[in-house]
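The values are calculated or read from the model by the stated rules, or taken from the named source; none is laboratory data. Bear in mind the structure is a predicted one, so any value in this text is a computation, not a measurement. Neighbour counts are summed over all protein chains in view; Cβ atoms, including those assigned to glycine, are modelled from backbone coordinates with ideal geometry.
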Amino acid sequence: MTAQILSALAEALGPEAITLGDDMAPWMQDWTGQYQWTPLCVVRPRDTQQVSDALRLLNAAGVAVVPVSGHTGLAGGTRAQGAVMLSLDRLNAVRDIRPDARLAIVEAGVILSDLHDAVDPHDLSFPMTFGAKGSARMGGILATNAGGSNVLRHGNTRDLVLGLEAVLADGRVVDLMSELHKNNTGYDLRHLLIGSEGTLGIITAAVVKLVPKPRAFATAMVAVPTVGSALALLNRLQDVTGGAVEAFEFMPAAYMREYARLHPDTRPAFDQDYGVNILVELGATAPRDVTMDEAGQVPLATYLEEVLGALFEEGAVLDAVVAQSDQQRQDMWARREAAAEVSFNRKPLVIGDVAVPLDRVEAFLEQAHAKAQELDPKVEALWVAHLGDGNIHYVLLPTRDDPALLDQMLEDMEGVTLSLGGTFSAEHGVGSSKLGSMARHKDPVALEMMRAIKSALDPKGTLNPGKLIPPAGSYQYPHVR
Ligand SMILES: Cc1cc2nc3c(=O)[nH]c(=O)nc-3n(C[C@H](O)[C@H](O)[C@H](O)COP(=O)(O)OP(=O)(O)OC[C@H]3O[C@@H](n4cnc5c(N)ncnc54)[C@H](O)[C@@H]3O)c2cc1C
């Protein structure tokens, strides 16, 4: 059976499209190293037609297929024991850039930073960015409805997509490649496929929105006494600049120390430790905000300095460093974008990707740690937060490697999150790692609707099985570390 499938795939797609044995090594574990598996093979189609050919063949044979793009997902969504992994990496063309319509047409295998580079000469930007931008590909970004550092200003992936092309489980191609901002023609299947984590279709291309590239940035590291003061800073900056805050990222003292330990050659942000450290960035395109004054400073930077100065006088800012060069700006971002390296480098750990309303972030941080300390008094908490949108990557570092303890800690963390009106899965998706959370906390009727949609579009259940939707009636998911 296996030999038949492999030879049918090789015949349909060409032998160069099939990877077997030791050559599959890059596809045999996830980015965090939490999950390991052995796929049947890795298939690398070169276009939508080949994706369709492969799916038709595999669906007829009842073989499970797991799509993979950049393989940077953090939720175990590409686990593929005994399944065919279908990699989109060869569908990597930016098909078109249309500056007048402010859109680009991209294939699923385009790396995020390659799209940034492609639109930059047009003075445009695709305003989605995060630490894995040099590896994550558009297919995975769409399939997980990725967030990132600019959600505050530009929204999630869903907000940045006009159209989509996907291949269904049985090989049918669905063409939703609309370039329109208004298109009320029935159910929004584009938004159904975005965030479906490869369970409903394999995304092969998309029409994405572009925005004017900021002509100047003002970037600073700011230490403030409390999360409440950080929100006062955010809101003051939004008021003064008319909403020019591109990013507002929170790193606590423990994060700053861990980064300094891992990168001993970098200069610390401040001469002393502070509890609430904010990386804030303003961006502007309007000439009035970006034209240098006689002192050689752009007004955008002046707004930032004036707000920081006023809040310093009020005691709501303790310290601040404004980037004076692009290199200093990049250094500030390098510290923030090392989040996954900083957070996941100790074991055991309990990983949360939660979001709460902005004015409840402080309550979450206090209550989540207190709750974990009831189980393990010396547990440490480490986090980094997209504070501008309320998303906290909250990691607990218990002193014992006990699966029952870790599971209880995750459940308690999620309990605190939900009691504050939050969600247990903000931007990384559900994949394998949050199946238990879905079973415990997702509205039962919503789960029934999801199962109905899944079985209507993929009746044989061959597309990314065992991800995103927990089976009915089952609540037993051992915590995976
Ligand atoms: C250092 C680092 C920083 C990160 N920062 C962020 C962040 O700030 N915000 C954020 O949202 N995420 C972040 N992530 C998580 C990850 O990068 C994103 O989830 C990203 O969108 C995944 O893209 P990918 O191409 O690597 O997807 P993959 O890992 O290849 O796949 C992710 C999921 O999508 C499915 N899939 C992949 N391609 C397709 C396709 N073409 N069609 C259908 N399904 C598909 C897979 O089966 C899997 O379930 C970070 C990860 C790392 C390692």
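Details
- Enumerated helices (runs of 4 or more DSSP H) restricted to region 317-426, each holding at least 2 residues that are among the β-branched types (V, I, T): 403-419
- Search result, residues across region 202-224 that are part of a strand (DSSP E or B) and among the charged types (D, E, K, R): K209
- Among the residues of region 134-141, some residue qualifies, meaning at least one is surrounded by fewer than 21 Cβ atoms within 10 Å (Cβ to Cβ) and near the ligand (Cβ under 9 Å from one of its atoms).
- When residues in region 356-411 are screened for being among the hydrophobic types (A, V, I, L, M, F, W, C), more than 16 Å from the ligand (Cβ to nearest atom) and either under 23 Å from V245 (Cβ atoms) or surrounded by fewer than 18 Cβ atoms within 10 Å (Cβ to Cβ) (or both), 9 of them pass.
- Q50, sole failed condition from (1) within 14 Å of the ligand (Cβ to nearest atom); (2) touching a residue at least 40 places away in the same chain (Cβ under 8 Å): (2)
- Filter pass, D114 being surrounded by fewer than 24 Cβ atoms within 10 Å (Cβ to Cβ), within 13 Å of the ligand (Cβ to nearest atom), at pLDDT 95 or above and of a type in the set (D, E, K, R): yes
- Meets criteria (buried (at least 21 other Cβ atoms within 10 Å of the Cβ) and under 29 Å from G243 (Cβ atoms)) for F130: yes
- Test: residue in region 443-454 that is surrounded by fewer than 22 Cβ atoms within 10 Å (Cβ to Cβ), without any contact (Cβ under 8 Å) to a residue 24 or more places away in the chain and either assigned to a loop (DSSP other than H, G, I, E, B) or within 12 Å of the ligand (Cβ to nearest atom) (or both): yes
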